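Contents: one structure, followed by commentary.
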Amino acid sequence: MNTQLESKSLDFGAIVSKKPTGSRFILVRHGETDWNKEKRFQGHTDIALNTHGLLQAQLVREYFDALEAQGAEIYHHCFSSDLSRAHTTARTIHGAKTPAIELNTGLRERDYGHLAGLTGDEMQIKSPEEFSGLKNRVVDAPLKGGESLNQFYRRVISTFEQIANKNQSKTTLLVAHGGVLDCIYRYCTGEPLHKQREWQLPNCALNVINIDSQGKKSVKLWAWTGHLNNDKPGQNMDEVDGRIA
């Protein structure tokens, strides 16, 4: 796979001020929920943003508005998971712009089946073998009523490729979930699915990926939070695996 991880020293405004040579994706994880704060694995459970999460989404909108007032063209199309925590984030950012937001169930968080809604400690008690598979990233470990890690990854990347193919030479805003962004990061950098994660997935951070005309993928910016007014990192909980605050 022809991939590249770019320097993280730039900020978002500097990146979007330059037109990409191919396609560009701006990836945003939804704002904070109460289950994020409690480190619960949300999965397909439809949890609403809390007050802090709504503020985070509004800060993205205000930052984009400020850049557009300076003449920047941020994005052309907006895609979002249909789960309300992502859709509300996308709607707050996108507003009444056209074209309207396109919802896609393929952008949903991983389905945790009968373990959805539990913390890691609660999973350990209810199903220690399944929790071990989650914690150790065993890619084909089954999960009762849910998706294996490999099934989840294939679903996300298939959806991402479909969106990318339909929006070549465009900039696309994609609002989804921590696990979804993790899959896309691995796909674009060649990081193996079983590797423990070393990169952050803060709520409402800005992440930028370019795909050139030959299909070469580069991560231009990741986990940038300069627009969030020094939002406390500890509040950007990670329900995906609980190991990175």
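Could you tell me whether any residue of the range 79-86 is within 18 Å of the chain's Cα centre (by Cα), surrounded by fewer than 20 Cβ atoms within 10 Å (Cβ to Cβ), closer than 27 Å to GLY113 by Cα and among the polar types (S, T, N, Q)? There is at least one residue in the range 79-86 that is within 18 Å of the chain's Cα centre (by Cα), surrounded by fewer than 20 Cβ atoms within 10 Å (Cβ to Cβ), closer than 27 Å to GLY113 by Cα and among the polar types (S, T, N, Q). Could you say whether any residue in the range 70-78 is under 19 Å from HIS30 (Cβ atoms), of a type in the set (Val, Ile, Thr) and surrounded by 15 or more Cβ atoms within 10 Å (Cβ to Cβ)? Taking every residue of the range 70-78 in turn, at least one turns out to be under 19 Å from HIS30 (Cβ atoms), of a type in the set (Val, Ile, Thr) and surrounded by 15 or more Cβ atoms within 10 Å (Cβ to Cβ). Condition check for ALA72 on (1) modelled with pLDDT of 95 or more; (2) farther than 28 Å from GLU191 by Cα: one failure, at (1). Taking the criterion of being open to solvent by 10 Å² or more (accessible area, probe 1.4 Å), in contact with a Lys or Arg (Cβ under 9 Å, 6 or more places away or on another chain) and basic (Lys, Arg), the residues of the range 182-220 that qualify are LYS195, ARG197, LYS220. For the range 119-162, the set of residues classified as β-branched (Val, Ile, Thr) and more than 30 Å from ILE209 (Cα to Cα) consists of THR119, ILE125, listed by residue number. Picking from residues in the range 132-144 that are open to solvent by 30 Å² or more (accessible area, probe 1.4 Å) and within 23 Å of the chain's Cα centre (by Cα), the one that is farthest from GLU38 (Cα to Cα) is ASP140.
With respect to (1) farther than 26 Å from TRP224 by Cβ; (2) without any contact (Cβ under 8 Å) to a residue 40 or more places away in the chain; (3) surrounded by 14 or more Cβ atoms within 10 Å (Cβ to Cβ); (4) touching a strand residue (DSSP E or B) at 6+ places or on another chain (Cβ under 9 Å), the lone exception for GLN151 is condition (4).
Residue count for the range 159-181 satisfying the condition of being under 18 Å from the mean Cα position of the chain (by Cα) and surrounded by 16 or more Cβ atoms within 10 Å (Cβ to Cβ): 15.
The values are calculated or read from the model by the stated rules, or taken from the named source; none is laboratory data. All of these numbers come straight from a predicted model, not from anything done at the bench. Neighbour counts run over all protein chains shown; Cβ positions are idealised from the backbone, glycine included. Ligands, DNA and RNA are excluded from the accessible area calculation, which covers all protein heavy atoms including side chains. Shrake-Rupley method; radii C 1.70, N 1.55, O 1.52, S 1.80 Å.
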